[in-house]
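**Student:** Please read through the structure below; I'll follow up with questions.
The values are calculated or read from the model by the stated rules, or taken from the named source; none is laboratory data. For clarity, every value in this text was computed on a predicted model and none was experimentally measured. We place every Cβ from the backbone using ideal geometry, glycine too, and count neighbours over all the protein chains shown.
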Amino acid sequence: MVEIRSIGVMGAGQMGSGIAHVCALAGLDVGLYDIARDRLEACLNVVSANLGRQVASKKITEEQRREALSRIKLLTDLEGFSDTDLVIEAVTENETIKRKALSQLCPELKPGAMIGTNTSSVSITRLAASTDRPERFIGIHFMNPVPVMQLVELVRGIATEDETFEAARNFPAFMVNRILLPMINEAIYVLYEGVGTVDSIDTAMRLGANHPMGPLQLADFIGLDTCLSIMQVLHDGLADSKYRPCPLLVKYVEAGWLGRKTQRGFYDYRGATPIPTR
C-alpha cells in the first residue's frame, strides 16, 4: 500500500486553508496551490492565525505551530505537485470548474500519485472520469471548519481501487450532506412560510435538539451559495422533490447575501452583534 507523506491542496480558499492546516500539523509536507499569489499569502495568514488560537487554548505548543507552518509550501504552478503522493482538489463547488482543474492537474503528477476531491456533493465517478487515473481517485470530504471538525468522509467512485481506499483511510453519496443540507433547506422553508423567525428557528434547534448552532446560522457559516449548489446537485442527481432548494435560499444567493463571507445572510454581521435579517 502506498504511504502518503506529501499532500497537495488545489485551492487556497476556506476549505483549502483548513486542509493544509490539519495536514501540516499532522507532520505531512504540504504544497498549497492557487493561481493568485495574494490568495495564497492570505490563506497562509489564516492558517497561522488558527494555529495561534490552538496555541492560546493549549491544544498545541508554539513549537508545533512553527513546525506546521514550515511544512507548507506555496505554489503558483502545478508543476510543484510533480513528486506529491496525494493531491486534494478543493476549488469552487462547481463540477465544470472542478473537471477542468483536474484535467490540468493530471499531466503534472507522477504515475502513482493519488487524487482526492473535497467535493461535498458532485459525483466522484464523474469527476474521476475527467482524470487519467480513475482507479487512483477518491472523495476525501472534510467538514468545515476543518481544524475543529472530527469527521472526514471517504467516498469511492465506481473505479476506485481498494489500495486507494485503504491508503486514504490511513490518511489522518455524501452521507452527512444528504442529512444536513435538507435539514438546513427545511429550516429555510419554515422561515419562508412564516412559521418562525430566524431567531426562533435557530433557538429552537439549539435548545430542542442540542445543536451547537442553529441551522440558519450554520447555513451562513457554510455559505448560502454553497448550500444552494449542494441542494441543486442533490435535486438533479437524485430526482427527488425533497431536495428542491427553497425559493428564499435562491433569492438570498441572487441578492449576494451569502452569509458570513459577504457580511449578510440570514444574519447581518456588519455590527458588533449579528442581527437576524428576517
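**Student:** Would you call Arg53 closer than 22 Å to Leu151 by Cα, among the charged types (D, E, K, R) and either in the same structural domain as Glu161 (by TED's automatic domain parsing) or assigned to a loop (DSSP other than H, G, I, E, B) (or both)?
**Tutor:** Values: closer than 22 Å to Leu151 by Cα: yes; among the charged types (D, E, K, R): yes; either in the same structural domain as Glu161 (by TED's automatic domain parsing) or assigned to a loop (DSSP other than H, G, I, E, B) (or both): yes.
Yes, satisfied.
**Student:** Right, something else. Can you find, within the range 226-243, the residue that is nearest to the chain's Cα centre (by Cα) among those that are part of a helix (DSSP H, G or I) and surrounded by fewer than 20 Cβ atoms within 10 Å (Cβ to Cβ)?
**Tutor:** Our first condition is that a residue be part of a helix (DSSP H, G or I); within the range 226-243, this holds for 226-238, 241-243.
This time we only want the ones that are surrounded by fewer than 20 Cβ atoms within 10 Å (Cβ to Cβ), so: 232, 235-238, 241-243.
On the way: Gln232: 17, His235: 20, Asp236: 21, Gly237: 20, Leu238: 21, Ser241: 25, Lys242: 23, Tyr243: 20 Å.
Here the answer is Gln232.
**Student:** Which members of the range 15-43 meet the condition of being under 20 Å from Arg65 (Cβ atoms) and surrounded by fewer than 18 Cβ atoms within 10 Å (Cβ to Cβ)? Step through it out loud before you land on a result.
**Tutor:** Step one: filter the range 15-43 for residues under 20 Å from Arg65 (Cβ atoms), giving 16-32, 40-43.
Ala26, Gly27, Asp29, Glu41, Ala42, listed by residue number.
**Student:** Can you pull out every residue in the range 28-57 that is in contact with a helix residue (DSSP H, G or I) (Cβ under 8 Å, 6 or more places away or on another chain) and over 23 Å from Ser120 (Cβ atoms)? Outline the logic, then answer.
**Tutor:** Here is the first cut: in the range 28-57, the ones in contact with a helix residue (DSSP H, G or I) (Cβ under 8 Å, 6 or more places away or on another chain) are 30-34, 43-44, 46-48, 50-52, 54-55.
Residues satisfying the conditions are Leu44, Ser48, Leu51, Gly52, Gln54, Val55.
**Student:** Follow-up. Take Thr119 and decide whether it is closer than 25 Å to Lys98 by Cα, assigned to a loop (DSSP other than H, G, I, E, B) and outside the structural domain of Phe221 (by TED's automatic domain parsing).
**Tutor:** yes
**Student:** Next question, about the same structure. Of the residues that make up the range 129-138, is at least one crowded, with 18+ Cβ neighbours inside 10 Å, closer than 24 Å to Cys43 by Cβ and at pLDDT 90 or above?
**Tutor:** So far as the range 129-138 goes, yes, one or more of its residues are crowded, with 18+ Cβ neighbours inside 10 Å, closer than 24 Å to Cys43 by Cβ and at pLDDT 90 or above.
**Student:** Within the range 169-215, restricting attention to residues that are of a type in the set (Ser, Thr, Tyr) and either at pLDDT below 95 or surrounded by 14 or more Cβ atoms within 10 Å (Cβ to Cβ) (or both), which residue is nearest to the chain's Cα centre (by Cα)?
**Tutor:** Filtering the range 169-215 down to residues of a type in the set (Ser, Thr, Tyr) leaves 189, 192, 197, 200, 203.
Within this subset, residues satisfying the condition of being either at pLDDT below 95 or surrounded by 14 or more Cβ atoms within 10 Å (Cβ to Cβ) (or both) are 189, 192, 197, 200.
Details: Tyr189: 24, Tyr192: 27, Thr197: 28, Ser200: 28 Å.
In this case the residue turns out to be Tyr189.
**Student:** Also, quick follow-up: Could you identify the single residue in Thr92, Thr96, Thr61 that is among the hydroxyl-bearing types (Ser, Thr, Tyr) and surrounded by 13 or more Cβ atoms within 10 Å (Cβ to Cβ)?
**Tutor:** Working: Thr96 fails: surrounded by 13 or more Cβ atoms within 10 Å (Cβ to Cβ); Thr61 fails: surrounded by 13 or more Cβ atoms within 10 Å (Cβ to Cβ).
Of the residues listed, the single one that is among the hydroxyl-bearing types (Ser, Thr, Tyr) and surrounded by 13 or more Cβ atoms within 10 Å (Cβ to Cβ) is Thr92.
**Student:** Please go through the range 18-34 and pick out each residue that is touching a Cys at 6+ places or on another chain (Cβ under 8 Å) and part of a helix (DSSP H, G or I). If you could, list the steps in order and put the result at the bottom.
**Tutor:** Taking the range 18-34 and keeping what is touching a Cys at 6+ places or on another chain (Cβ under 8 Å), we get 20, 30, 32, 34.
Passing the criteria: only Ala20.
**Student:** Go through (1) small (Gly, Ala, Ser); (2) on the phi < 0 side of the Ramachandran plot; (3) surrounded by 13 or more Cβ atoms within 10 Å (Cβ to Cβ) for Gly11 and report which single condition fails.
**Tutor:** Among (1) small (Gly, Ala, Ser); (2) on the phi < 0 side of the Ramachandran plot; (3) surrounded by 13 or more Cβ atoms within 10 Å (Cβ to Cβ), the lone unmet condition for Gly11 is (2).
**Student:** Checking Tyr267 against (1) modelled with pLDDT of 95 or more; (2) over 25 Å from Met149 (Cα atoms): exactly one of these is not met. Which one?
**Tutor:** So the condition that Tyr267 fails would be (2).
**Student:** Here's a follow-up. Quick test for you: out of Ile158, Ile201, pick the one residue that is over 27 Å from Val91 (Cα atoms) and among the β-branched types (Val, Ile, Thr).
**Tutor:** Working: Ile158 fails: over 27 Å from Val91 (Cα atoms).
Within the list Ile158, Ile201, the selection yields Ile201.
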